Amino acid sequence: MTPAPELRGPRVVLTVVRPAQHGRLREIHRLPEVSRWWKDPDNGWPSPEPGTVAYAVLEGDRVVGFAQWYQESDPEFRHAGLDLFLDPSVHGRGLGTEVVRVLCSHLVDDLGFHRIVIDPEATNAAAIACYRKVGFREVGVMREYCCGADGVWRDGLLMDLLARELVC
């Protein structure tokens, strides 16, 4: 993979995660409104897993969130997937939609992906509404898809976006 570029929207900038940002990202991750959807990371987080590109989301010079993308590179099934979270203090301002739109535009326009997937928990109504605004559609419920920190299995919602459906 080539080095990931900085991505810019009207109000947000996505920069490759740097070690100096790890503490702030962990702080956001531990907030109850975030950790209820994101399981506790391992000791290496937020260093990306192989094949994953991890971004800090900035509003001005303040780290307000995290976004990452990965790819399935088998030519027969090639697609990208993404995940993100934002500090609850910036929820309700459209920044999540902007982050998803900026990242999806990069994946489609710069990297040539024709399909992008995301898999929020089926009960995460705010995230699902955000993804719909960018053009994602529900594919189906993945029953007992992810195990929460409490040991309870939860349903996930597989959503996808085709390049021609991206709402810019």
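The values are calculated or read from the model by the stated rules, or taken from the named source; none is laboratory data. Just so it is clear, the structure is predicted and the values come from calculations on it, not from any experiment. For neighbour counting, all protein chains shown are included, and Cβ atoms are generated from backbone atoms with ideal geometry for every residue, glycine included. Surface accessibility is based on the protein's heavy atoms, side chains included, excluding ligands, DNA and RNA. Shrake-Rupley method; radii C 1.70, N 1.55, O 1.52, S 1.80 Å.
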*Of all residues in region 133-156, which are within 14 Å of the chain's Cα centre (by Cα) and not β-branched (Val, Ile, Thr)?*
Phe136
*What pairs can you find where one residue is in region 145-159 and touching a residue at least 24 places away in the same chain (Cβ under 8 Å) and farther than 25 Å from Arg132 by Cα, the other is open to solvent by 40 Å² or more (accessible area, probe 1.4 Å) and not polar (S, T, N, Q), and their Cβ atoms are less than 8 Å apart, with a gap of 6+ or different chains?*
Ala149/Lys39; Ala149/Asp40
*From the residues in region 58-91 that are open to solvent by 60 Å² or more (accessible area, probe 1.4 Å) and in contact (Cβ under 8 Å) with a residue 40 or more places away in the chain, which one is farthest from Pro32 (Cα to Cα)?*
Gln71
_Members of region 92-101 that are open to solvent by 20 Å² or more (accessible area, probe 1.4 Å) and outside any loop (DSSP other than H, G, I, E, B)_ = Arg101
*All but one of (1) modelled with pLDDT of 95 or more; (2) out of contact with any Ser or Thr (no Cβ under 7 Å at 6 or more places or on another chain); (3) surrounded by 11 or more Cβ atoms within 10 Å (Cβ to Cβ) hold for Trp45, so report the exception by its number.*
(1)
*Total residues in region 127-145, condition open to solvent by less than 80 Å² (accessible area, probe 1.4 Å) and either outside any strand (DSSP E or B) or under 17 Å from His114 (Cβ atoms) (or both)*: 8
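Each row is one residue, and each column tells you yes or no for (1) over 23 Å from Leu25 (Cα atoms); (2) among the hydrophobic types (A, V, I, L, M, F, W, C).
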residue	(1), (2)
His91	no, no
His106	no, no
Leu111	yes, yes
Ala127	no, yes
Tyr131	no, no
Arg143	yes, no
Arg164	yes, no
*asked:* Every residue in region 107-126 that is surrounded by fewer than 19 Cβ atoms within 10 Å (Cβ to Cβ), assigned to a helix (DSSP H, G or I) and either without any contact (Cβ under 8 Å) to a residue 40 or more places away in the chain or within 15 Å of the chain's Cα centre (by Cα) (or both), please.
replied: Asp109, Ala125, Ala126
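Restricting to region 1-23, name every residue that is without any contact (Cβ under 8 Å) to a residue 60 or more places away in the chain and surrounded by 16 or more Cβ atoms within 10 Å (Cβ to Cβ).
If the condition is that a residue be without any contact (Cβ under 8 Å) to a residue 60 or more places away in the chain and surrounded by 16 or more Cβ atoms within 10 Å (Cβ to Cβ), then Ala4, Val13, Thr15, Val17, Gln21, His22 are the ones that fit.
Yes/no matrix, rows are residues, columns are (1) aliphatic (A, V, I, L, M); (2) modelled with pLDDT of 95 or more; (3) touching a strand residue (DSSP E or B) at 6+ places or on another chain (Cβ under 8 Å):
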residue	(1), (2), (3)
Gly60	no, yes, no
Gly65	no, yes, yes
Glu121	no, yes, yes
Ala125	yes, yes, no
Ala129	yes, yes, no
Cys168	no, no, no
